[in-house]
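Participant: Questions regarding the structure given below will be posed in turn.
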Ligand code: IVH
C-alpha cells in the first residue's frame with residue numbers, strides 16, 4: 001500500500017468516527033453499538049501508532065467526546081475533563097501499576113479508591129461562596145456546554161451548600177444518569193439509559209429536562225482552590241457531608257489482587273443495582289501521588305476503568321410468549337424487563353423450544369442471565385435459583401397452537417432417531433393466522449420476491465388492516481387507501497407500487513422458494529426448478545400426485561417429498577400457487593441442452609477425491625448432464641469413488657449401466 005492509500009483509509013475512518021460522534025453526542029441517537037464505536041476508535045489509534053505521518057485534529061487521541069453543540073453557550077473548563085483508559089483483565093491492571101512504578105521510579109504499595117463506573121453523562125458543577133454558579137457538560141473535554149438550568153432541575157444537585165466548611169471555590173464533578181426503572185418508560189425514544197440521560201440533559205428547554213427523573217452522583221473535583229485533602233476516599237466522605245450523593249459501593253482496596261476479586265464479585269452484583277454500571281474505576285487513593293503522576297494527553301496516569309464484559313446481563317422474566325413461525329414451529333420467547341447489554345436494550349430473549357425451558361427450568365418471574373453475542377438473538381443462559389419466588393410454578397407449554405387452536409406435535413426425526421425438541425402446529429398453510437403472516441413475510445423477503453418498501457413491519461400492518469391475507473393480495477393493493485395511512489403518502493405509496501410491479505418478473509427457483517414450504521430452501525428450490533423447468537410442469541406434477549418423481553433428483557430426499565406432499569395436500573395451498581402463476585411472470589429455468597453430456601445421467605457412490613459431490617454435480621450440469629440419486633434403467637453412468645456401496649455397483653451392472661471411476665468422469669468432461 002502506498003502512503004496515499006493509507007492516508008485515504010485513515011481519513012475515511014476519521015470521517016466515519018465524526019459521523020458517529022455527531023449521532024451520539026449531538027443527536028443522542030447512535031446507530032452503532034458502543035463496542036463497534038470503540039473498535040473504530042481503536043482502529044484509528046492503531047493506524048496512528050503504525051504510521052507516524054497520519055495526523056488529524058479529529059483524532060480520538062486528541063478529541064475527547066464531541067465539540068459542544070451550537071445550541072448552548074460554551075464554557076472552557078478550568079481543568080480539562082478527561083476520560084479514563086480501559087482495562088479488561090488482570091494483565092492490563094498489572095501493566096497499569098507497572099507504568100505507575102516506572103513513572104515514579106519506585107516500587108511502592110498503592111492503595112486504590114474503587115468506585116462503580118456509572119454509565120451516564122459527566123457534568124461539572126462550579127460552586128463559589130457555596131452557590132452553584134454554572135453547570136457544564138464535558139463537551140470535547142476542553143470546552144463544554146453551559147447547561148446550568150437543566151442541571152438545576154436534578155434534585156440530587158444542591159444549588160446552595162449549607163455545610164459550614166465548604167470550599168470557597170470548587171468544581172464538583174460527577175455522573176448524571178437515569179435509573180433502569182425510569183428508562184423503561186422512555187425506551188422507545190432512546191437507545192439506552194445513557195442516551196436518555198444525555199438527550200434529556202441537552203434539551204433546549206429545562207422544562208423538558210425536568211420531566212425526566214435524572215440523578216447525580218459526585219465522584220471528583222476539577223478546579224479546587226486550597227485543596228487540603230490527602231486522599232480521594234477522604235474527599236468522597238466530605239462530598240457526602242456537604243450534601244452530595246456519593247456511591248454507597250465506593251471502597252478502598254490495597255492490591256491488584258483485591259481489585260480483581262472485588263471486580264469478579266461486583267460483576268454479578270451490578271445487575272441488582274438500580275442503574276447501569278459498565279465497570280469499576282480504580283484511582284490511586286493518595287492525592288499527592290495523583291499530583292505527581294499527572295496526565296497523559298487524554299487520561300490520568302493515576303486512574304483506570306476496569307470494564308465488565310459487555311455481552312450478558314441479568315433481568316427478570318416478565319412473561320413467556322409463544323410465537324408461531326412460518327413452518328408452524330412454536331417458539332417460546334421470554335419477555336424480560338428491558339436491560340442494556342453492550343449498548344443495546346434487550347427486552348426479548350429466545351427460549352428456543354419446549355425442551356430448553358424444561359432443561360433450564362425457566363419460569364415466569366425468574367431472574368435470568370441473558371447473553372447477546374453479535375447479531376444473534378439474545379438467549380437465556382441460566383436461572384438464578386437463589387432469587388426464585390417460592391410460589392413460582394414450572395412453565396406449562398401449550399399443547400394447542402396459540403394462533404389457530406389446532407393440535408401441535410413433536411415429530412420423530414428419522415435422521416437423529418429422536419423426537420424433535422420443537423413442537424409444531426399441524427396446520428401447515430394459510431388457515432393458521434400466524435403461520436400465514438409469517439409465510440407472507442417470507443414471500444416478500446430478500447431471497448424470495450425481494451419487494452423493496454414492503455418489509456416485515458409493513459406486512460404486519462397491512463395484515464392487521466386486512467389489506468393482505470394471502471400472497472396474491474400483494475398484487476391487488478388499494479394504493480389510494482395506503483396513501484392515506486399514517487406514515488404513508490403519495491410518494492411512498494407510488495414507490496411501493498413500482499417495486500411490487502418490478503417483483504412480478506421472477507425466476508422459477510426464487511418462486512418455488514418464495515412459497516415457503518418447509519425443507520424447501522434456496523438449494524432445494526433450485527434442484528426442483530432445474531428438474532421441472534417451468535412452473536406449469538410443477539403444477540401438473542402436484543395435481544397428478546406425482547411428487548414422488550422428485551425422489552430421483554440428487555439432493556432431494558424423503559423429508560422434502562413428505563413436506564411437499566403435506567403442503568399440497570391442503571388444496572388452498574395449490575390454489576395460491578395457481579393464482580400467483582396468473583399474476584406473476586415466472587421465468588422458465590433455462591438449462592443448456594447442448595453440452596457434451598447432453599441426455600446423459602449420472603449417479604455417485606463413495607467418496608470423491610479432491611472435489612465435492614456438489615462441485616462434481618455442478619460440473620455435470622454445466623455440460624448439460626443430469627445427476628440422479630437412485631439406480632434405474634434411465635441411469636447412464638454410475639461414478640464410483642472411495643468405499644462405494646457394493647450393492648449399487650451390482651445393481652448397476654445388472655441393468656447394464658456403465659460403471660466408471662472419477663478419472664473416467666473427468667475424461668468424459670474433457
Ligand atoms: S473520574 C480524569 N470517577 O467515566 C478522571 N469517572 O471515561 C475522569 N465515570 O467521563 C473521571 N464513574 O463520565 C470518574 N467514579 C468515577 C466515574 C467516572 C463514571 C465516567 C465519567 C468519565 C468517564 C471516564
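Participant: Starting from residues that are modelled with pLDDT under 70 and surrounded by 14 or more Cβ atoms within 10 Å (Cβ to Cβ), keep the ones in the range 63-78 and report whichever is farthest from residue 136 (Cα to Cα).
Facilitator: In this case the residue turns out to be 63.
Participant: Then there's this: Out of the range 273-285, which residues are in contact with a strand residue (DSSP E or B) (Cβ under 6 Å, 6 or more places away or on another chain) and more than 10 Å from the ligand (Cβ to nearest atom)?
Facilitator: 275, 276, 285
Participant: So if I check each of 55, 15, which one is over 30 Å from residue 186 (Cβ atoms), assigned to a loop (DSSP other than H, G, I, E, B) and modelled with pLDDT of 75 or more?
Facilitator: 55
Participant: Considering only the range 415-430, state which residues are modelled with pLDDT of 80 or more, loosely packed, with under 15 Cβ neighbours inside 10 Å and part of a loop (DSSP other than H, G, I, E, B).
Facilitator: Answer for the range 415-430, where residues must be modelled with pLDDT of 80 or more, loosely packed, with under 15 Cβ neighbours inside 10 Å and part of a loop (DSSP other than H, G, I, E, B): just 426.
Participant: Still on this structure, I have one more. Give me the pairs, please: first residue somewhere in the range 71-86 and over 24 Å from residue 279 (Cβ atoms), second residue anywhere and away from the ligand (no atom under 16 Å from the Cβ), beta-carbon distance under 8 Å, and either six or more positions apart or on two chains.
Facilitator: Partner pairs satisfying both residue conditions: 71/204; 72/146; 73/146; 74/146; 75/134; 75/146.
Participant: Here's a follow-up. Which of the residues spanning the range 286-297 are within 16 Å of the ligand (Cβ to nearest atom) and either at pLDDT 95 or above or not in a loop (DSSP other than H, G, I, E, B) (or both)?
Facilitator: The answer is 286, 287, 289, 290, 291, 292, 293, 295.
Participant: Okay, next question. If I filter the range 238-246 for residues that are under 30 Å from residue 91 (Cβ atoms) and either touching a residue at least 40 places away in the same chain (Cβ under 8 Å) or surrounded by fewer than 20 Cβ atoms within 10 Å (Cβ to Cβ) (or both), do I get at least one hit?
Facilitator: Checking the range 238-246: not a single residue is under 30 Å from residue 91 (Cβ atoms) and either touching a residue at least 40 places away in the same chain (Cβ under 8 Å) or surrounded by fewer than 20 Cβ atoms within 10 Å (Cβ to Cβ) (or both).
Participant: Of the conditions (1) touching a strand residue (DSSP E or B) at 6+ places or on another chain (Cβ under 6 Å); (2) closer than 24 Å to residue 512 by Cβ; (3) modelled with pLDDT of 85 or more, residue 588 clears all except one; give me its number.
Facilitator: (1)
Participant: From (1) modelled with pLDDT under 95; (2) under 27 Å from residue 620 (Cβ atoms), pick out the condition that doesn't hold for residue 566.
Facilitator: Only one criterion is unmet by residue 566, namely (2).
Participant: Among the strands (runs of 3 or more DSSP E) lying completely within the range 115-219, list those that include at least 1 residues that are away from the ligand (no atom under 16 Å from the Cβ) and at pLDDT 95 or above.
Facilitator: 121-128, 131-137, 169-178
Participant: Quick one: how many residues across the range 221-272 are modelled with pLDDT of 95 or more, closer than 20 Å to residue 126 by Cβ, more than 14 Å from the ligand (Cβ to nearest atom) and part of a loop (DSSP other than H, G, I, E, B)?
Facilitator: Total satisfying the criteria: 2.
The values are calculated or read from the model by the stated rules, or taken from the named source; none is laboratory data. Treat the numbers as computed from the prediction; the structure is a model and nothing was measured. We place every Cβ from the backbone using ideal geometry, glycine too, and count neighbours over all the protein chains shown.
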